[in-house]
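The values are calculated or read from the model by the stated rules, or taken from the named source; none is laboratory data. It should be emphasised that the depicted structure is a prediction, and the values quoted were computed from it without experimental measurement. In this analysis, Cβ positions are derived from the backbone assuming ideal geometry, glycine residues included, and neighbour counts consider all displayed protein chains. SASA here: full protein model, heavy atoms, side chains in, ligands and nucleic acids out. Shrake-Rupley method; radii C 1.70, N 1.55, O 1.52, S 1.80 Å.
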Amino acid sequence: RYANDPGVIGKTIQVNGVIATVVGVMPKGWAYPQEAQLWMPLHQDAKGTERGAFNFTAVGRLRQGAALAQANAELALFSQNLARQHPDIFQGMSFHAMPLRDFFSRGARTIAFLLLGAVLFVHLIVCANVANLLLARGAARTKEFGIRAALGASRGRVVRQLLVESALLGLAGSAGGLLFAAWGINLLIWLIPVRLASWVRFDLDYRVVLFALATGIVSVVVFGLLPALKVSRTNLTEVLKEGGRSSAGGVRGRRMRDYLVVAEVAVALILLIGAGLMIRSVRKLQEADIGIDAKNVLTFHVSFPPAQSPDAKMSARFFEHLIPALNAIPGVVSAGASSSLPTTSAGTDSFFLEGEPRPKTQSDARIANRETITPGYLQTFRIPLLRGRDITADDTAGKPAVALIDQRAAEMLFPGRDAIGEHFTRLAAGGEPEQLIEIVGVTGNVAYGRLTDERPAPTFYYPNKQAPAPSMFAALRTKSAATSFSSLARQAAFSVNKEIPIYDVKLMTQVVKESYWDSVFFGTLLSAFAVLALFLASIGLYGVMSYSVRQRTQEIGVRMTLGAQARDILSLVTFQGLRLIGLGLLIGLVGAYFVMQLLRGSLEQISAHDPLTFVVLPLLLLIVGLLACYLPARSATRLDPMEALRYE
């Protein structure tokens, strides 16, 4: 903004109507907390009497050599002293410190480890395929290694040669994977619909490169060691026989390949079930009744800086003019405003009902979501008014305080009786006086907070003229696509007051999606890994069956010469693959039953052992596996018996 001018230090700028002096420039990339770009001193109230605002987060640095447990012990003592000095506010409350990294990553750690597990599963399937390829390739080169051994090559020399070849294979694969990852990072970020905090970075730095190369090389070497040892164990007499076939794989080699295929199928099934559960969970969230109609609704944020709105009633006056201006736009059905949007975090209120004893502390009081709304809010979001009346323009500061409550609050607070006409007392908070409020209407339930929150709280709606908020969200419902109304909405806001900033112009459907974006993101990635695992497992099964058919060419020729029909050969080969698939599915189902316990915290409205998922996805894998077996089996039925008997 200031063209890297070093002389910016000492300049004065206007911030929210306040003249401020620039005293420093932070390093590039520093945006703590969240996406801050400018920092100003925190000014407390001059009276210093307001102790009930708990919307601050304290950050501290431990002394050298101090432990976190020691800091928490001191905080516990501090909490006790505060409770003694101010029992009306701090009684029963405590403070707890945690590492800043843990504070930022809370909730994401489980998902990160689950994604890491999914990547590991796919990696194991790839390694199993590579091991199968090395076994098949080694079996084909058995005669070559027999000749080397006859010429004096030791077993260690043969193993070293095969391991070097495996390492080169791993190096080439890792390099290709890194090139794909460089492009894939941008795709990954594109899949995230919200702006991430500055501390979340996806950097392909030297540590990632070294880790990827080391993982690829070590994996191929480890999975290549067993085939190398198997191939190096040669019988010179059998190998050097003319047309000797006993060295072309053997029973142990076939068993090893079969075991690897079984493992691939089992791992692929676990990933498929995990992805299926996540997809069904996301579908439940998408189909959830959030209490509003989000289609064709445009929203934007309006803030009222203290310097520009010293009177708390300015918010009410601003929206008293803005809502009619928005309604006057051609194509707008209705407009309204609220202190927060559905599916986002709402404010909270402490209160007690009329006739109840006054709570001794705020922690003993009842808690509810708090929403400040304008007339037209319910109509704009199509929230049903079940009983009573709506908020109107006549609900001003000079009139008796009123509120709407949702059906959830009515059932919890007034079971078996009508809530209309009941009263509650709202405790003082944020400098506002204590109020006795009458309930004049009951609305349908609306989801405030993330859709993944476990227990939604009851919600109270207050008129903006009686409980003005310093920050509000305007919303307008349109007849057609709401996206095209953003510029008209800005013009309407500027026509009321050019000094008031508006931002975060979004469709309501986007706001709703952002409330569960992490579930969609995780489900998308897990599904991609599951599809990849299914593809790799089917390729591995196809490879093993094709190799088995080649190894049994003479046997098949003999069977056909003795009268075996095509369907007999087809069932013979298919049954062999079906046996491997069945064993893999059985192991995979048992493994998925236990592994899916880890997903329980990430699933919404669905069991970690959902019967439909545990039935349909194994059937899908069975069908894909049978197809992978059918293609080699069909080629076996087309063999010419005479050609087959001349094999090798």
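Brief remarks on what is shown
- With respect to the conditions (1) in a loop (DSSP other than H, G, I, E, B); (2) of a type in the set (Val, Ile, Thr); (3) without any contact (Cβ under 8 Å) to a residue 12 or more places away in the chain, Val590 lacks only one, and its number is (1).
- When residues in the stretch 18-32 are screened for being more than 15 Å from Gly7 (Cα to Cα) and either open to solvent by 70 Å² or more (accessible area, probe 1.4 Å) or in contact with a Cys (Cβ under 9 Å, 6 or more places away or on another chain) (or both), 4 of them pass.
- Hits in the stretch 486-501 (condition: of a type in the set (A, V, I, L, M, F, W, C), surrounded by fewer than 23 Cβ atoms within 10 Å (Cβ to Cβ) and more than 30 Å from Ala401 (Cβ to Cβ)): Leu488, Phe494
- Enumeration of residues in the stretch 191-215 that are modelled with pLDDT under 80 and either assigned to a helix (DSSP H, G or I) or not β-branched (Val, Ile, Thr) (or both): Leu191, Pro193, Arg195, Leu196, Ala197, Ser198, Trp199, Arg201, Phe202, Asp203
- Condition met for Asp293 (part of a loop (DSSP other than H, G, I, E, B), open to solvent by 30 Å² or more (accessible area, probe 1.4 Å), at pLDDT 85 or above and not polar (S, T, N, Q)): yes
- Among the residues of the stretch 321-365, those identified as touching a helix residue (DSSP H, G or I) at 6+ places or on another chain (Cβ under 8 Å) and closer than 30 Å to His86 by Cβ are Ser350, Leu353, Lys360, Thr361, Gln362.
- Test set (1) within 12 Å of Tyr461 (Cβ to Cβ); (2) in a loop (DSSP other than H, G, I, E, B); (3) modelled with pLDDT under 90 - Thr344 fails condition number: (1)
- For the stretch 349-358, the condition of being of a type outside the set (Gly, Ala, Ser), part of a loop (DSSP other than H, G, I, E, B) and buried (at least 16 other Cβ atoms within 10 Å of the Cβ) holds for none of the residues.
Conditions (1) crowded, with 16+ Cβ neighbours inside 10 Å; (2) of a type in the set (A, V, I, L, M), marked per residue:
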residue: Thr374; (1), (2): yes, no
residue: Thr392; (1), (2): no, no
residue: Val442; (1), (2): yes, yes
residue: Val446; (1), (2): yes, yes
residue: Thr459; (1), (2): yes, no
residue: Pro468; (1), (2): yes, no
residue: Phe473; (1), (2): yes, no
residue: Lys479; (1), (2): no, no
residue: Ala482; (1), (2): yes, yes
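- Helices (runs of 4 or more DSSP H) lying entirely in the stretch 477-576 (those with 2 or more residues that are without any contact (Cβ under 8 Å) to a residue 60 or more places away in the chain and closer than 30 Å to Ala128 by Cα): 517-551
- Of the candidates Arg387, Arg358, Arg370, the single residue that is of a type in the set (Lys, Arg) and within 31 Å of the chain's Cα centre (by Cα) is Arg370.
- The number of residues in the stretch 75-93 being open to solvent by 80 Å² or more (accessible area, probe 1.4 Å) and more than 19 Å from Leu62 (Cβ to Cβ) comes to 5.
- Cβ-Cβ distances below 7 Å connect the following pairs, each with a first residue in the stretch 90-102 that is closer than 19 Å to Asp364 by Cβ, a second residue that is of a type outside the set (Val, Ile, Thr) and part of a loop (DSSP other than H, G, I, E, B), and a separation of six or more residues or different chains: Gln91/Lys360.
- Residue among Ala112, Ala136, Ala153 that is without any contact (Cβ under 8 Å) to a residue 24 or more places away in the chain, open to solvent by less than 80 Å² (accessible area, probe 1.4 Å) and farther than 30 Å from Ala275 by Cα: Ala153
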